[in-house]
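Let me begin by presenting the structure, written as structure tokens, before commenting on it.
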Amino acid sequence: MRYTYRPEGVCSMQIDFDIDGNVISNISFIGGCNGNLKAISKILDGWTVEQIEEKIKGNTCGRRPTSCADQLAIAVRKAYDEGAGT
């Protein structure tokens with residue numbers, strides 16, 4: 001299932017990804033640091049919600065208390081908890 005999340009407190013305006021069970025794929029960001037976010041999307045493709053949370057949850061950007069990566073971790077957990085992957 002395709003899931004869309006509107007991040008808060010970061011440069012990216014939208015995060016889209018597919019969720020199948022607890023596996024995340026086809027991650028894309030609108031806005032933000034294009035090169036870095038493309039790399040993150042490729043690296044994390046096929047990872048589980050738990051793996052993504054373990055590696056990037058809590059990551060910050062500059063003085064901000066969050067980052068695009070942290071927002072992705074929040075988004076995948078929210079999607080999973082809402083049953084989007086079933």
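Rounded to whole numbers, the Karplus 3J(HN,Hα) couplings from phi for segment 21-28 are x, 10, 9, 10, 8, 6, 6, 9 Hz, using 6.51 cos²θ - 1.76 cosθ + 1.60 with θ = phi - 60°, and x at Gly and Pro. 3J(HN,Hα) couplings calculated from phi for segment 57-74 with the Karplus curve 6.51 cos²θ - 1.76 cosθ + 1.60 (θ = phi - 60°) are, in sequence order, 5, x, 5, 10, 10, x, 7, 6, x, 9, 8, 4, 5, 4, 5, 5, 4, 5 Hz; Gly and Pro show x. Round to the nearest 10 and give me the degree value, 0 to 90, for the angle of helix 34-44's Cα axis relative to the longest principal axis of the chain. Roughly 30 degrees between the two axes.
Across the chain, the longest piece that holds none of the GluC sites (Glu not before Pro) lying in DSSP loops with up to 14 other C-beta atoms within 10 Å covers 9-81.
Among the trypsin sites (Lys or Arg not before Pro) found in the chain, those both in a DSSP coil and sparsely packed, with 11 or fewer other Cβ atoms within 10 Å of their Cβ, are 63.
Look at (i) 6.9; (ii) 8.3; (iii) 4.7: the one that is mean projected area of the Cα convex hull in nm² derived from this structure is (iii). The portion of the accessible surface of the chain made up by carbon and sulfur, rounded to a whole percent, is 50 (1.4 Å probe; DNA, RNA and ligands excluded).
The values are calculated or read from the model by the stated rules, or taken from the named source; none is laboratory data. From a predicted model like this one, the values you see are computed outputs, not experimental measurements. Cβ atoms come from the backbone with ideal geometry, glycine included; neighbour counts cover every protein chain shown. Each accessible area value is taken on the protein alone, full model and side chains, heavy atoms only, with ligands, DNA and RNA left out. Shrake-Rupley method; radii C 1.70, N 1.55, O 1.52, S 1.80 Å.
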